[in-house]
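So the structure is just underneath, and the comments pick up after that.
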2 protein chains.
Amino acid sequence: MREAWVVGAASNRYGKLAESAREAATRVSLAAIRDAGLEPKAIQHTFVANCFGLTERQAHLGPLLNNGLGIPEVPSVTLESACSSSSAALHEAYVHVAGGFADAALVVGVERLGHLDTMSATGYFAYAADYPFETRNGATFPGLYATLAHAYQAKYPTRPEMFGAIAVKNHANAAHNPHAHFQKEISLETYLASPVVASPLRLYDCCPFSDGAAAVVVAAREAVRSPVTEPLVIRASARAGAVTALQDRGDLTGLPSSRLAAAQAFRQAKLEPKGIDFFEVHDCFTIAEALALEDLGVFPRGTAARESEEGSTARDGKVPVNPSGGLKAKGHPVSATGAGQVVEIFEQVNGRARGREVPRTGTALAHNVGATGGSCSVHIFGRR
Amino acid sequence: MREAWVVGAASNRYGKLAESAREAATRVSLAAIRDAGLEPKAIQHTFVANCFGLTERQAHLGPLLNNGLGIPEVPSVTLESACSSSSAALHEAYVHVAGGFADAALVVGVERLGHLDTMSATGYFAYAADYPFETRNGATFPGLYATLAHAYQAKYPTRPEMFGAIAVKNHANAAHNPHAHFQKEISLETYLASPVVASPLRLYDCCPFSDGAAAVVVAAREAVRSPVTEPLVIRASARAGAVTALQDRGDLTGLPSSRLAAAQAFRQAKLEPKGIDFFEVHDCFTIAEALALEDLGVFPRGTAARESEEGSTARDGKVPVNPSGGLKAKGHPVSATGAGQVVEIFEQVNGRARGREVPRTGTALAHNVGATGGSCSVHIFGRR
């Protein structure tokens, strides 16, 4: 198995796209390829992550992307794994490159739902849950994650301020991220005064609907003679699944797929949680960041929300988490989110994260969840 | 790189599904796993091909499939490459198994559009074309393939009877296939009397809309101690892309992605077209079968339609093509079609193709096209 590197990365600004998913994906992909110092013809396979292209009346995005890149002959495929689509695509690119099937591959995640009204967008999101058992009975993701939050609060002593601290920290980070949907800080008072969306989740516990696109280039170490960027060495690429419907799980104070993917990733990388310098985790809701940090083994069960309030996860804390601003404030363009986490890690490592730098960038972990954990991907990156 | 085998296969009867895509995929997957003599827990990754699950309000099909199989912890991903989705999924499974990332993987293709009316289904299909340049201006696939047929007829001397012979042959084969949507023969007179759908294509030039599901299990040779079936050795797995919109292509008498994928596949397998005992090719329209056979190098340019009329592609002809009945008569459940072609090859090799046997089954080729050739997959199979 060959060593695979991330050698280029690019993202647009998350928010509302004025162009189609196809156009955004092409633009961002070209930027990532250029960033790697490559020509498009160096790319031997493209992996497009997209969930809701049908709402734009466009399937078969892969060849259209490759047309736009000037490499129509190159094979492509579109991948969907709910909110973890582009980390699933990264895994496929990793397998192709590490396995020797391609020297360089492109991963681009793109989503556009901003042309729909909020109710329609919420409805489409909810198709990623277990439709006949959850969605059809009225559950959408704020409700499902509220259920997880209730379970956590019932088991562990918490206060709203603990979850508020996660939102405040992520907004503070996003204020320095030019890719972020929300580039402004919020106060704890603003958080506490925000309306309840699905008890106990308030408005500022929830990530926004974002459009966006993010791309990374994965290449074999031996195919990159003189990298023009500081590459990320992919030290682990692990994915796992879990029972989808919440009513069928025995325990709701964590996501089984997160724990499993994390265990596999740490085994692959021969690292422990304390060996990771900073994290990008899947905080679609504040409770999700707390659960992620416990599932990843960063903090003991029932302590992550408290640690957040104590500042442990701030950029200058003992374990920086979501320096990008996370899904919460950077935004959550479904299929772009996982690739976007890698863009952040790449920017941190390459000294591009001005104003939101983390102190150490030797190792980093990206954690991306599909739905309420029916799927999860964990990638660990190191330096040459 | 390890040798990868197809060790189990199953399909339902194509037509109109009374169950959801999720239910059909689960049922057929279990049958394929049992066919391989395996337990579901032997499967280390599942690849689900599906294009139009959103019309059933269900994304994230992978974990739901794995829930149903009793292996919720196993990673999964859904793949889309238009009508070549499940051959793209097979390629990913091949890469995982041959590259040593999984010992056994499941590929299931499933599509359900029968709950929509014909106009809606035609519209959804057309999202796989280049929407702003083709679909939005009124083009659907019968019109696009009619354009290819016109180009062929303008360049080569043909008669309607030549294309009729393709339809008659495929219906004759499907009459013996219990998985086929249409299990009845048609006469040349019926073909010639059928209404024009998009000139020059008549009703019987066109494949039907089918629902369906087909699954295969791919395993590493070294992981299969005593196969309970006669495995297919995957001797080549190649994919290619092409300019999507027809108006941007220089030549319409063939599909560039077919030629490219075929060339790569023959190189991988170290074979020539004449070394293949029988073919399953992508005949969404009769013209597509003629183009496929020329793109694959089976017949010289401009001769495939004539060869078909002369009986060369019949089951007892010199080159048996589509013993299953092809998309034309077996049916075309979009994302199931590519996996279904492999099911046919597996059944031929395992002596299950009663009444439609081909004389030699030492090597076989599956050719699966996405849209009008924006994507193409070619797989070549041999015997142990």
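Values quoted throughout were computed directly from the atomic coordinates according to the rules given, and no laboratory measurement underlies them. Everything numeric in this text was worked out from a predicted model, so none of it was measured. Note that each Cβ is placed from the backbone with ideal geometry, even for glycine, and that neighbours are counted across all protein chains shown.
Observations on the structure shown:
- Relative packing of A:108-121, A:2-15, which averages over residues the other C-beta atoms within 10 Å, highest first: A:2-15, A:108-121
- Within a Gaussian network of chain A (alpha carbon springs, distance under 10 Å), most fluctuating of A:VAL243, A:VAL321, A:VAL349: A:VAL243
- Pairwise centroid distance, computed over Cα atoms, of region A:208-271 with region B:216-284, Å: 31
- For B:VAL97, net neighbour charge (Lys/Arg +1, Asp/Glu -1) across residues whose Cβ lies under 13 Å away: -2
- Beta bridges from DSSP with both residues in the protein assembly as shown: antiparallel share about 70 percent, rounded to the nearest 5.
- Cut-off 13 Å (backbone N to label point 7 Å along Cα→Cβ of A:MET1), residues of region A:236-279: A:236-239, A:264-271
- Quotient of Cα Rg and 2.2 N^0.38 Å for region B:57-132, N being how many residues it contains: 1.32
- Dipole axis of the protein assembly as shown (+1 Lys, Arg; -1 Asp, Glu on Cβ), positive-most option in A:LEU116, B:VAL321, A:ALA238: A:ALA238
- Distances from A:LYS270 to itself in the other copies, using label points 7 Å out along the Cα-Cβ axis, amount to 3.6 nm in increasing order.
- Evaluated at q = 0.11, 0.12 Å⁻¹: base-10 log I(q)/I(0), Debye formula over Cα of chain B: -0.68, -0.81
- Take each residue in A:258-269, count the other chain C-beta atoms within 10 Å of its C-beta, and the mean is 1.
- Most tightly packed first, judged by the mean number of other beta-carbon atoms within 10 Å of their residues, the peptides B:173-185, A:306-318 read B:173-185, A:306-318.
- Theoretical FRET efficiency, 1/(1+(r/R0)^6), r = Cβ-Cβ of A:ASP117 and B:THR122, R0 22 Å, to 0.05: 0.25
- Mean Cβ neighbour count within 10 Å, used as a protection proxy, ranking A:83-90, A:365-372 highest first: A:83-90, A:365-372
- For the rotation that carries chain A onto chain B, the axis lies closest to a Cβ at A:GLY99, 1, where the number is the distance in whole Å.
- Residue among A:PHE209, B:ILE43, A:SER199 farthest towards the positive dipole end of the protein assembly as shown, charges placed on Cβ: B:ILE43
- Simple rule: put +1 on each Lys or Arg Cβ and -1 on each Asp or Glu Cβ in region B:5-123, find the dipole, and look at B:LEU30, B:CYS83, B:ILE71; the Cα lying farthest toward the positive end is B:LEU30.
- Interchain or long-range residues, amide H under 5 Å from A:VAL197's placed H: A:ARG202, A:LEU203
- Pairs beyond 26 Å (Cα-Cα), from A:LYS16/A:LYS169; A:LYS41/B:LYS328; A:LYS41/B:LYS155; B:LYS184/B:LYS318; A:LYS169/A:LYS274: A:LYS41/B:LYS328; A:LYS41/B:LYS155
- Among the residues of B:369-382, the average count of other protein chain beta-carbon atoms within 10 Å of the residue beta-carbon is 2.
- Max mean-square fluctuation residue, GNM over chain B, Cα-Cα springs under 10 Å, options B:PRO40, B:PRO72, B:PRO157: B:PRO157
- Spin-label model distance (nm) - A:GLU230 vs B:LYS155, 7 Å beyond Cα toward Cβ: 5.4
- C-alpha center-to-center spacing [region A:80-103, region B:352-384] in angstrom: 27
- Copies compared at A:GLY302 - label distances in nm, ascending, label defined 7 Å from Cα in the Cβ direction: 8.2
- Counted by Cβ distance under 11 Å from A:CYS206, the other residues give a net charge of 0, where Lys and Arg count +1 and Asp and Glu count -1.
- Taking all pairs of distinct alpha-carbon atoms in the protein assembly as shown, Kirkwood radius in angstrom: 25.9
- Dipole magnitude for the protein assembly as shown: about 960 debye, using +1 per Lys or Arg Cβ and -1 per Asp or Glu Cβ, origin at the Cα centre.
- Think of each Lys and Arg Cβ as +1 and each Asp and Glu Cβ as -1; about the Cα centre, that makes the dipole of chain A roughly 540 debye.
- Inter-copy separations for A:SER187, label at 7 Å along Cα-Cβ, nm, ascending: 8.8
- Counting only other chain Cβ atoms within 10 Å of each residue's Cβ, the peptide B:41-53 averages 2.
- Paramagnetic reach from B:GLU73 in region B:27-47 [backbone N under 15 Å; point 7 Å along Cα→Cβ]: B:40-45
- Per-residue ellipticity at 222 nm, computed for the protein assembly as shown from helices alone with -39500 (n - 2.57) per DSSP H run of at least four residues, works out to -10000 deg cm²/dmol.
- Under 11 Å, Cβ to Cβ, from A:GLU111 - net charge with Lys/Arg +1 and Asp/Glu -1: -2
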